[in-house]
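The structure under discussion appears below in the form of structure tokens.
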Amino acid sequence: MKIIVFSMLLLLWLTACASRLPQPQELPILPFNDAAWFQLEQYDAAGQFVQSSLLAIEQTADDIRFVQTNALGAPVARQIFNRQGWHHDGFVMPNAESRRLFAALLPALASNGAAVYPQMVRQMEANGECYQHKGENRWCIQREEKGWRIRFPHQTQWRVQPIAETE
């Protein structure tokens, strides 16, 4: 009985955390055919390197799938975004930090970036294009020579760089 109650409370908590993310109003159009790969580097508030991982993003007619793996190829996060919002994909534990990163990355990648989150306030600042939702700072996206740097209010930063395909 205790396990069932604990499971229900955990599920409610995870749902509440997920609902804090702003929802895109439409499925963004990404600038690549089918799928793209990115290298992710996470930095802490002091600017110290924390981890490196890979991100695969696949767009279909109905959804966008994000799969983040560690350097050994083990899944870190799997999320799907479709017209109904964000959904967990697979047997990997939910990863709220990765979901926030994926949500922040959508307007940077989308050809219709400004339209992805019409309910958010966007401001150009010294550290990039910053997004606010319901009076709270959510993230800032700074364009770099090869990719983006995404900063969150708690000072965690992610460097996102496309991985060029070789043939």
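The values are calculated or read from the model by the stated rules, or taken from the named source; none is laboratory data. Since the model is a prediction, treat every value here as computed from it, not as a measurement. Note that we place each Cβ from the backbone using ideal geometry, even for glycine, and neighbour counts take in every protein chain shown.
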Condition check for G47: without any contact (Cβ under 8 Å) to a residue 40 or more places away in the chain and surrounded by fewer than 12 Cβ atoms within 10 Å (Cβ to Cβ): no
Any idea how many residues of the stretch 154-167 are modelled with pLDDT under 95, under 18 Å from Q48 (Cα atoms) and not β-branched (V, I, T)? 2
Just a yes or no: is a residue in the stretch 16-39 at pLDDT 95 or above, closer than 23 Å to P107 by Cα and hydrophobic (A, V, I, L, M, F, W, C)? yes
Does W37 satisfy being among the aromatic types (F, W, Y), in contact (Cβ under 8 Å) with a residue 40 or more places away in the chain, over 21 Å from R138 (Cα atoms) and part of a strand (DSSP E or B)? yes
Would you confirm whether any residue within the stretch 55-72 is over 15 Å from W158 (Cβ atoms), surrounded by 15 or more Cβ atoms within 10 Å (Cβ to Cβ) and modelled with pLDDT under 90? no
